[in-house]
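Notes follow the structure.
The values are calculated or read from the model by the stated rules, or taken from the named source; none is laboratory data. Predicted, not measured: the structure shown is a model, and the values here were computed from it. In this analysis, Cβ positions are derived from the backbone assuming ideal geometry, glycine residues included, and neighbour counts consider all displayed protein chains. With ligands, DNA and RNA removed, areas are computed over all heavy atoms of the protein, side chains included. Shrake-Rupley method; radii C 1.70, N 1.55, O 1.52, S 1.80 Å.
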Amino acid sequence: ATRTFFKLAFSFPTILGFTVLLHTTFSHPCSSGDNASAVTCKLICPFIYLHIFQTVRHGFPYQPSSMAFDPVQKILAIGTQSGALRLFGRPGVECYCQHESGAAVIQLQFLINEGALVSALADDSVHLWNLRQKRPAILHSLKFNRERITFCHLPFQSKWLYIGTERGNVHIVNVESFMLSGYVIMWNKAIELSSKAHPGPVVHISDNPMDEGKLIIGFESGIVVLWDLKSKKADYRYTYDEAIHSVAWHHEGKQFICSHSDGTLTIWNVRGQGKPIQTITPHGKQDGKKPEPCKPILKVEYKTTRNGEPFIILSGGLSYDTVGRRPCLTVMHGKSTAVLEMDYPIVDFLTLCETPYPNDFQEPYAVVVLLEKDLVVIDLAQNGYPIFENPYPLTIHESPVTCCEYFADCPVDLIPALYSVGSRQKRQGYSKKEWPISGGNWGQGTQSYPEIIITGHADGTVKFWDASAIMLQVLYKLKTAKVFDRNRSREDKGSADVSDEDPFAIQIMAWCPESRMLCVAGVSANVIIYRFSKLEVTTEVVQVSNALQYRKCLQKMHFPLPFLFFKLTLALAKTCIKWLRSTPLKQSPGYQVDLVVQLVWVSGEPPQQITSLALNSSYGLVVFGNSNGLAVVDYVQKTVVLNLGTVELYGSNDPYQRQPRSPRKTRQPSGATSEDRCKSPTSGNMSFSGLLKEKCYNITAFVPCRHKTQTFCVHLCLVSLVLPFTLWVLYLSLFLFTVLLSVCPPRGANPLDHRDNSFSRSRSSSVTSIDKEAREAIGSFHFCETFARKGDSTLTPCLAVGTSLGTVLILALTLPPAGEQRQMQPVIISPTGMLVRLKGSILRMAILDSTGSQLSPAYESWYEPNVTADGEEREKVRKRRPVSVSPSTSQDLNESQYAVVCSEKQAKVISLPSQTCIYKHSITETSFILRADVVQMSQGVCVACFCANGHIMTLSVAWTHMQTNTG
């Protein structure tokens, strides 16, 4: 059996906070024969030999709890509350480890420049990690059974590890043997008569920078003891009324500083007892002689410089009256105090210094701040303390991930192109220095093919990640919210708008790696089409209003086919849709807006959210759907080709008995009369209120205009009437659609006469009780070249449509020839009927050839859209790549293609063009599939499914060759 590898990419933005890539290894159970005259396709689930193992984790460590840094190797370690350990070096160097117990990591200590790490856990265990091997592993472990560990300290170039406990005792461990030495500093001997009560847990241990035999021990109650290890007694004791949280030494070893629970800092002389030489309240307001108390200062560090004042860096200590203020890190340098606000609570911070020796001038140059959901590094050497730009893939969930797509075998020039434009994106406010965490070496990559992950976020950003190596790398960041006006008023949105919190959130993405076309659908029912360009352009987004609606008759039909009445009107836009950007849009190299399509409000009611999206660069089409129907947009001609309700996809062969929806009163604009509400928008003086019950689908298309010209609206309306039998025979209907298109007229064109067709739009058929069939949503699309109808002998460009009720329908596409004719002639789309029905919503569709190989949709190669080329050169670049179909007409095969369809519950294989189901498989009965994909493997095709119960299932589409008797 041959082993094959592939990756499954899933994102858990709200649960774990990181993305996991899994490698799946399996053996394909496919058998073959020599004399094959017939082919049978089966779905086999699961694979016989299936092993899934984790290869790498991406994203920010979930619930971080501690941090350590090796100043020589320049390696950063982060521990979490689940026992995980993440090691970071230079960009691209990262490692993940896990403690078996899963207990929280309370403290980390590096054996500096020795490739080892000590971790202390909440279950009172201590572990020594060996980092010198390819996969870090635990060398030694030590478990405390009677005392709880509260603090650990490992001096530089020392073999003794000091462990403080909750009882106030200090134990000493030999790092080489990882055994207790037997030397114990008991709490009662340490404090003696300085306190009658128990001093509390040990909160700090550190050695004197000038004398490693002198150990300072800080107790929670406020007592600090300077212990002599040789004489085994306390030299000095220091007492303060407030609890202690941390202690830090001056490098000369003559002074130390303590942080307290009342927001104060106390500086003590080692030989001076009684009172501190200085008491500081960094954020306290002076109220008479004594400053008012503040929140506790959780940690303080005291770093000196050779040519200036020392740095005192602390977290916490804010005044109690600062309600709602974000967490802060305070940097005190001489007479200046800088308060740096953070986005999330501070877990820990470390000061990076030029030297690892504690008895020398520290020369601090950066501060690493570990937040609950971020890692920030501050540059102390530049004015204003700017932060370093983080090169790690920790910002996956900087804004919550709302959708994620994974692409493998991308064109080889795609990643360099994205990196080129991404590196030129302006990033202001960051430090100009190199990232200070620069340890480790790059290993050999395991993949030889380009991989890209695209994430859509709640703030409207789209990020492209290079996933070819072990570590993700940000290639390019796109902000879709630039197209819109962020300052639109609340009254424009309405009370029923479900996207008030994140109006720009990305809901669905469609991307063609070969042509680099990108299409995103937002939660506010908008679709934005982008082209990739290496040149900078300035465009103007045209604004339109008076949205024309598509009106579909839902009355009880007395005759099978309706009469179509056409009317074309041209009018200037009277008002503008306020939320679309009105000023010229400067578009940097990268992805640039080509077209914006917006589903608009009708009679005060919001449009339905978009549920499915697909694009095909070869056809120049984008299709999207929701619970009402679908729309096909030709982004080459900037036109809406088709706007069709779900019911019309079936035609007269609708398998469902759909009951008419009961109308309800709609929210009409004030001042509209009952007569106006009944008028059709293009009826003029003619009223059809007695004949029609109408439902409105509204689409507005916005085109970036390269020249400042007047805006025109093209209203194209098809109204359905119920007429006697003698009339409808003369007018055969293909389908019903409406368009509102905003176009930029060519330079020098004269504006058309304005026709004021003012009207009030009626929107009936809004339901109070809707049956299941009446709300059939569009769930998925698939562009392909296949047999459009049963029994066809030629391949035709088609669009397969999957619905929430498990139906797959086929739309045949008639495309103009490439070149100038593609720019002028329309695209014709005609429904051809139903292909198959499954249980559950359709998730994925694919077309296979007669040998079982997956047929990819046609695509167009990328070209620079902003370069003016002559017609012949542009036509060469824009030629459509044909789809290669394996079986030829001379082959003696009963079927030429197979369709693999996967729903929430089932998977089926359909033979084409006979449209017969040759195999079906019930994937799950107790749960449902969240996501599925048809993957081409080296040994065949498989269907990968991600189930709602957390299971990952793979189904082999195995091809068995069977010999038949001919005589």
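Couple of notes before you dig in:
- Among the residues making up segment 236-269, a single one is in contact with a Phe, Trp or Tyr (Cβ under 7 Å, 6 or more places away or on another chain), without any contact (Cβ under 8 Å) to a residue 60 or more places away in the chain and either farther than 18 Å from I297 by Cβ or small (G, A, S) (or both): A248.
- Filter result for P356 (modelled with pLDDT under 90 and under 27 Å from C95 (Cα atoms)): no
- Check on L161, surrounded by 20 or more Cβ atoms within 10 Å (Cβ to Cβ), part of a strand (DSSP E or B) and not aromatic (F, W, Y): yes
- Listed by first and then second residue, the pairs with beta-carbon distance under 7 Å, at least 6 apart or on different chains, first residue in segment 421-436 and touching a residue at least 60 places away in the same chain (Cβ under 8 Å), second small (G, A, S), are V421/G590; Q425/S588; P436/A366.
- Enumeration of residues in segment 179-199 that are open to solvent by less than 10 Å² (accessible area, probe 1.4 Å) and part of a loop (DSSP other than H, G, I, E, B): P199
- Number of the exception - V347 against (1) over 24 Å from L108 (Cα atoms); (2) β-branched (V, I, T); (3) open to solvent by 40 Å² or more (accessible area, probe 1.4 Å): (1)
- Candidates in segment 797-831 are the residues that are of a type in the set (V, I, T) and out of contact with any helix residue (DSSP H, G or I) (no Cβ under 7 Å at 6 or more places or on another chain); of these, the one that is surrounded by the most Cβ atoms within 10 Å (Cβ to Cβ) is I810.
- Candidate set: segment 364-390, residues that are open to solvent by 60 Å² or more (accessible area, probe 1.4 Å) and without any contact (Cβ under 8 Å) to a residue 60 or more places away in the chain; chosen: the one nearest to the chain's Cα centre (by Cα): E389
- Within segment 294-326, the set of residues being open to solvent by less than 30 Å² (accessible area, probe 1.4 Å), of a type in the set (S, T, Y) and part of a loop (DSSP other than H, G, I, E, B) comprises T304, T305.
- Selection from segment 832-870 of residues that are aliphatic (A, V, I, L, M), open to solvent by 40 Å² or more (accessible area, probe 1.4 Å) and within 18 Å of N616 (Cβ to Cβ): none
- Qualifying residue in segment 479-488 (condition: under 27 Å from I378 (Cβ atoms), at pLDDT 80 or above and crowded, with 21+ Cβ neighbours inside 10 Å): no
- Of everything listed in (1) within 23 Å of Y357 (Cβ to Cβ); (2) not in a strand (DSSP E or B), the single unmet condition for I267 is (2).
- If you filter segment 74-90 down to residues that are in a loop (DSSP other than H, G, I, E, B) and crowded, with 19+ Cβ neighbours inside 10 Å, you find that the one that is modelled with the lowest pLDDT is G89.
- Number of residues in segment 614-630 that are assigned to a strand (DSSP E or B) and open to solvent by less than 20 Å² (accessible area, probe 1.4 Å): the value is 9.
- Verdict on W227 being among the hydrophobic types (A, V, I, L, M, F, W, C), on the phi < 0 side of the Ramachandran plot, in contact (Cβ under 8 Å) with a residue 60 or more places away in the chain and buried (at least 17 other Cβ atoms within 10 Å of the Cβ): no
- Within segment 915-934, tally of residues that are open to solvent by 30 Å² or more (accessible area, probe 1.4 Å) and either within 22 Å of C404 (Cβ to Cβ) or assigned to a loop (DSSP other than H, G, I, E, B) (or both): 7
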